[in-house]
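Engineer: Can you keep this structure in mind? I'll have questions shortly.
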Amino acid sequence: MFEQVLLGGGFAFAAAVQPGPLQAYLVSQTLAHGLRRTVPAVFAPILSDIPIAALVLFVLTNIPPEFVLILRLVGGSFLLYLAYGAYRSFRHYQHSLSRPSGSVRQTFFKAVAVNLLNPNAYMGWALVMGPLVASAWRQSPADGLVLIATFYVVMILTTLVILALFGRARSVGPRLARTMVGLSAVALAIFGLYQIWSGGMGIVQTVATS
């Protein structure tokens, strides 16, 4: 259970602080209209991820476990690629923002649309979260639920902290956000190596027992 909390929370933190379309949109809304009006949109990934997660998990639960191990290797490599991208973002951090308008409801559904059109959401579920949840679910359904719950709780809380900082201090917010991007590069590298090690050991054990 602790492993699921660590994996879900660690990947959620790294995903939340990555500069991307959704984060830029949420920060811009916070600067333009304040944190209170933007808070509902923070929960948009829960809604937008439902079809993505359902499709990925349906496929992963109907394929041999050995294929999931291969996906963990691919997912680990993908995390290392994201870690390199985060490191480059840390070195050359820029947070250019527009100032869009709209009601709270429009902000929420625009955030849902932004995330649905974000390829990182699909890649994250297909190569990282999907295999993790599938493996955890095979151990125990409770482990899979804990992993998913931890992922979204940590991601939402981290996003709220980022938005609050940007809303309170425009000068401090970007500097701290840059620091968090640097931390995410370290976290992504660690989890990427863990995924590769875990998938590789699983394949070795499968071959040894076959």
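Engineer: Take the residues of the stretch 16-37 that are assigned to a loop (DSSP other than H, G, I, E, B) and within 16 Å of the chain's Cα centre (by Cα): which is nearest to Val104 (Cα to Cα)?
Structural biologist: Here the answer is Gly20.
Engineer: Exactly one of (1) at pLDDT below 85; (2) within 17 Å of Ile190 (Cα to Cα); (3) small (Gly, Ala, Ser) is unmet by Gly8. Its number?
Structural biologist: For Gly8, the failing item is (1).
Engineer: I want to confirm something. Restricting to the stretch 191-205 and keeping residues that are surrounded by 17 or more Cβ atoms within 10 Å (Cβ to Cβ) and hydrophobic (A, V, I, L, M, F, W, C), which single residue is nearest to the chain's Cα centre (by Cα)?
Structural biologist: That would be Phe191.
Engineer: Considering every residue within the stretch 172-189, establish whether at least one is at pLDDT 85 or above, crowded, with 18+ Cβ neighbours inside 10 Å and under 25 Å from Val59 (Cβ atoms).
Structural biologist: Taking every residue of the stretch 172-189 in turn, none turns out to be at pLDDT 85 or above, crowded, with 18+ Cβ neighbours inside 10 Å and under 25 Å from Val59 (Cβ atoms).
Engineer: Here's something else I'd like to know. Go through the stretch 14-42 and count every residue that is closer than 17 Å to Trp125 by Cβ and surrounded by fewer than 23 Cβ atoms within 10 Å (Cβ to Cβ).
Structural biologist: Qualifying residue count for the region: 3.
Engineer: Scan Pro131, Pro45, Pro51 and give me the residue that is surrounded by fewer than 16 Cβ atoms within 10 Å (Cβ to Cβ), part of a helix (DSSP H, G or I), under 18 Å from the mean Cα position of the chain (by Cα) and at pLDDT 80 or above.
Structural biologist: On the way: Pro131 fails: surrounded by fewer than 16 Cβ atoms within 10 Å (Cβ to Cβ); Pro45 fails: surrounded by fewer than 16 Cβ atoms within 10 Å (Cβ to Cβ).
Exactly one residue qualifies, and that residue is Pro51.
The values are calculated or read from the model by the stated rules, or taken from the named source; none is laboratory data. Model, not experiment: these values are computed from the prediction. We place every Cβ from the backbone using ideal geometry, glycine too, and count neighbours over all the protein chains shown.
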